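The values are calculated or read from the model by the stated rules, or taken from the named source; none is laboratory data. Keep in mind that what you see is a predicted model, and the values were worked out from it rather than measured. So basically every Cβ, Gly included, is an ideal-geometry build from the backbone, and we count neighbours across all protein chains shown. The protein model used for the area step is the full one, side chains on, heavy atoms only, and it has no ligands, DNA or RNA in it. Shrake-Rupley method; radii C 1.70, N 1.55, O 1.52, S 1.80 Å.
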Amino acid sequence: SLPVTSSGLMGLAQWGVEPLDQPAKAQAIVILSAGLDEITPEAGGAPSVDAMTLARLRYGARLHRETHLPILVTGGPWGKRRTVLGDAMADSLQADFLVKTRWIERLSETTRGNAEGSAEILQGADIDTVVLVTHAWHMPRARRAFERAGLTVIPAPMGFERSTGLRPGDLLPSAKALHMSYYACHELLGRVWYAISG
């Protein structure tokens with residue numbers, strides 16, 4: 001829960017990840033899901049993508065406008081209602097960014113599932129090179145999963161967590177730091193599990 005600790009964990013999770021340079025040779029953009037808000041009163045109670053997924057969609061929409069590449073969104077059933085994340089993502093891209101989705105992968109519930117399901121769809125469309133959009137701390141595991149599924153990946157990480165140097169407040173617990181530590185630990189343990197399970 002200390003900012004100095006969460007910063008170190010995030011630094012480890014993001015190690016070696018660099019911002020996108022040029023998406024040369026890419027044939028499509030793949031945007032990974034994160035989560036869903038199952039009840040959003042401001043949308044009449046309908047489910048909606050969570051803030052983390054929305055941030056990924058925003059960057060994916062920007063890349064689409066710059067490159068004109070078609071978009072695939074990936075995410076399967078989520079939560080008690082088993083709402084399909086991919087459908088919610090496509091809805092958000094259209095409603096919030098006026099961007100159409102070409103393909104929706106609707107079955108996966110893990111990063112590995114995202115990769116395998118997306119690869120099946122894209123390879124069926126003769127696409128083998130993609131720009132992959134996800135958070136910087138998630139990119140190393142996501143990239144390996146997509147490459148293992150047979151795709152060539154051009155990483156497009158976003159949401160970098162950067163340290164601005166040690167400050168007195170960094171030694172005091174905070175909810176934000178605990179939140180960031182959770183994601184970093186989840187990601188680092190996920191990499192260990194993927195390495196063990198193949």
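When you filter the chymotrypsin sites (Phe, Trp or Tyr not before Pro) in region 6-81 for DSSP loop state and at most 16 other Cβ atoms inside 10 Å of their Cβ, you are left with TRP15.
Accessible area per residue for the chain, computed on protein heavy atoms with a 1.4 Å probe, is 53 Å².
Take each uninterrupted DSSP H stretch in the chain, measure its Cα extent along the helix axis, and return the ones at 18 Å or beyond whose mean Kyte-Doolittle hydropathy is at least -0.5. Those that clear 18 Å and a mean of -0.5 are 175-197. Within a straight-line Cα-Cα reach of under 12 Å, LYS25 can be paired with the following aspartates and glutamates, leaving aside sequence neighbours fewer than 8 residues apart in one chain: ASP128. Each of TRP78, VAL30, VAL153 was scored by the projection of its Cα onto the charge dipole of the chain, and the greatest displacement toward the positive side belongs to VAL153; charges sit on the C-beta of Lys, Arg, Asp and Glu. Only protein atoms count toward the accessible area here, which uses a 1.4 Å probe; on region 1-146, the carbon and sulfur part of that area reaches 52 percent.
Counting Lys +1, Arg +1, Asp -1, Glu -1, what net charge surrounds THR134 among other residues with beta carbon under 11 Å of its beta carbon? Its environment carries a net charge of +2. Across THR134, THR40, THR111, mean-square fluctuation computed from a Gaussian network of the chain (C-alpha pairs under 10 Å connected) peaks at THR40. When you restrict to C-alpha pairs under 8 Å that are six or more residues apart and normalise by the size of the chain, the relative contact order lands at 31 percent. Averaging the sequence gap over all C-alpha pairs within less than 8 Å and six or more residues apart, then dividing by the number of residues, gives region 105-149 a relative contact order of 48 percent. Note on the chain: Kirkwood hydrodynamic radius from all Cα pairs is 17.4 Å, rounded to one decimal.
Summarising the strand pairing of the chain, around 20 percent of its internal DSSP beta bridges are antiparallel. Between LEU20, LEU93, LEU36, the GNM of the chain built on Cα springs shorter than 10 angstrom shows LEU20 fluctuating the most.
Here region 1-111 is described by how far its Cα atoms reach on the three principal axes: 41, 39, 25 Å, from widest to narrowest.
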